[in-house]
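The values are calculated or read from the model by the stated rules, or taken from the named source; none is laboratory data. The structure presented is a predicted model; accordingly, all values stated were derived computationally and were not measured. Ideal geometry is used to build each Cβ from the backbone, glycine not excepted, and the neighbour counts take in all protein chains shown.
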Amino acid sequence: MTRREYSRKMLSPVIGYLCRIVRRSTLSMILVSIFLTLFCTFHLVFTSRFHNLPMKQIDLNTYDWSFRCRNCSLMGKATVPGDIYMDLFRERLIPEPLYGNNDQQLRWVAENDWIYETTFRLDRIWKEVDDYRMYKAVVLSIEGLDTISIVYLN
């Protein structure tokens, strides 16, 4: 059996199933389309309001970050951007994660909840700006969060 024949054999039931769902749920597809249209419109209007405002960017990567385990007593200095495996390795709390079978021994790391913390104060940052009153909003943009994350302020 060639690769093409194998692909057809494997995909034909999936494609047939998807076609049946689309035929049955034409109304739901229309509703989803309306929702996506409204969501995209709202997103464009909302973000365009912030693009016209004067902006000062604060790089939180330069602040002192720390990590701690919610379920155990491990803690240490963190590097942001980064990941928990490299932070634990830098603190000499685990062996090299990518060496040998260490990844199997370190599965407990993924099973725990990890907290990354830093402190920053907007009032001190704004004192550096000549006229902080011209800033109408604060937008917290966090890139690189992986999987499930909760962000707390204050």
Answer yes if at least one residue in segment 139-152 is at pLDDT 90 or above, in a loop (DSSP other than H, G, I, E, B) and surrounded by fewer than 11 Cβ atoms within 10 Å (Cβ to Cβ), and no otherwise. no
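Let's see how each residue does on (1) over 19 Å from Val151 (Cα atoms); (2) buried (at least 16 other Cβ atoms within 10 Å of the Cβ):
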residue	(1), (2)
Pro81	no, no
Phe89	yes, yes
Gly100	yes, no
Gln105	yes, no
Trp108	yes, no
